[in-house]
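Undergrad: For reference, the structure I am asking about is given below.
Every read-out reported here was derived from the displayed coordinates using simple, explicitly stated rules and does not represent laboratory data. Since the structure is predicted, the reported quantities are computational estimates derived from the model, not experimental observations. Positions of Cβ are generated from backbone atoms using ideal geometry, with glycine treated the same way; all protein chains shown enter the neighbour counts.
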Amino acid sequence: MTTTSMNRQTATPELRLWIIEQARAGHGPEAVLTSMREAGWQEDVAVAALEETLSAHLAEQGLSADLPPGSVVPEPSLDGAPVHVEAAGRRVTVLTQMRLPRVVVFGGLLSDEECDALVALASPRLARSETVDNDTGGSEVNEARTSQGMFFGRGESELISRVEARIAALLNWPVENGEGVQVLHYRPGAEYKPHYDYFDPAQPGTSTILKRGGQRVGTLVMYLNTPTRGGATTFPDVALEVAPIKGNAVFFSYDRAHPVTRTLHGGAPVLEGEKWVATKWLRQGRFD
Ligand SMILES: O=C(O)CCC(=O)C(=O)O
Ligand SMILES: [Fe+2]
């Protein structure tokens, strides 16, 4: 028996690597194609491999050349897909997670008593929320954020220290790299429009901000009560909405100050009831 069929060749990974090497060495496409033909590659297969390999290679190069370098980020220990994780003596539930953006929703991070105590301690210290002024590195009142807020000093009380130690254990990130816990209060109609939590490298005030602790690389938003309607934490790039449930928390990380992290997020308007959150921002380095 004889077989007369002509085998159709397929480009191999080795061929793709060889094409990239030829391009790097400065050989033009015609010369590379001639070499491929001489090596026995069918013309159409060679042309297709050349086109695909070079365009994919150029796209990769272009993308990585434009991006700021990636950083190490906080990350919970979720190997083995545990339903519960232990964080400084508290059992926390892993409710939901996503890879890009990196988002993890935790259940029962704070007890009801801890939530109530944080609200009670923050209430008398509230002022209209300010956002960082990107021009000066100072802060300013901003229409995008119609909540009221305050910052606790890091470790300022036993309660704050306990919560901070729990967050550090949960996210494997040093207490010293965290900003003070911020509490925000939203009344009906109040919202926090979609934004990134990292500091915009293009803004003139950013270099001043980064001197203390470097970039933000992660955020933990802890829900201190449950609004009746509205108030979800939204991630518009991926149409994700995290329900604000008392004691739960949403964590997200961003390894570079860039929209590729898909960490655009906001606090949707509170429609009924009120909303209290405590936010912990995590820096690359010590925030002293
Ligand atoms: O209130 C929320 O759900 C989001 C809060 C937030 O984005 C922040 O504090 O940076
Ligand atoms: Fe935020």
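Undergrad: Only residues that are among the polar types (S, T, N, Q), free of Cβ contacts under 8 Å to residues at least 40 places away in the same chain and closer than 20 Å to residue 165 by Cβ: list them for region 86-120, please.
TA: 93
Undergrad: Ok, one more. May I ask you to say which residue of 205, 155, 180 is small (Gly, Ala, Ser) and within 16 Å of ligand 1 (Cβ to nearest atom)?
TA: 180
Undergrad: Output the residue which, of all residues in region 240-279 that are over 26 Å from residue 70 (Cα atoms) and of a type in the set (Gly, Ala, Ser), is nearest to ligand 2 (Cβ to nearest atom).
TA: Selected residue: 267.
Undergrad: Let me ask another. Give just the number: which of (1) within 14 Å of ligand 1 (Cβ to nearest atom); (2) free of Cβ contacts under 8 Å to residues at least 60 places away in the same chain; (3) surrounded by fewer than 19 Cβ atoms within 10 Å (Cβ to Cβ) does residue 239 not satisfy?
TA: (1)
Undergrad: While we're here: Which ones in region 156-193 are within 15 Å of ligand 2 (Cβ to nearest atom) and among the polar types (S, T, N, Q)?
TA: Passing the criteria: only 182.
Undergrad: Conditions: (1) over 28 Å from residue 124 (Cα atoms); (2) buried (at least 22 other Cβ atoms within 10 Å of the Cβ); (3) under 16 Å from the mean Cα position of the chain (by Cα). Residue 221 meets all but one. Number of the miss?
TA: Result: residue 221 fails condition (1) only.
Undergrad: I've got another one for you. Looking at the structure I just gave you, is residue 281 in contact (Cβ under 8 Å) with a residue 12 or more places away in the chain, surrounded by 22 or more Cβ atoms within 10 Å (Cβ to Cβ) and either more than 12 Å from ligand 1 (Cβ to nearest atom) or under 22 Å from residue 145 (Cβ atoms) (or both)?
TA: Taking the combined requirement at face value, the residue does not satisfy it.
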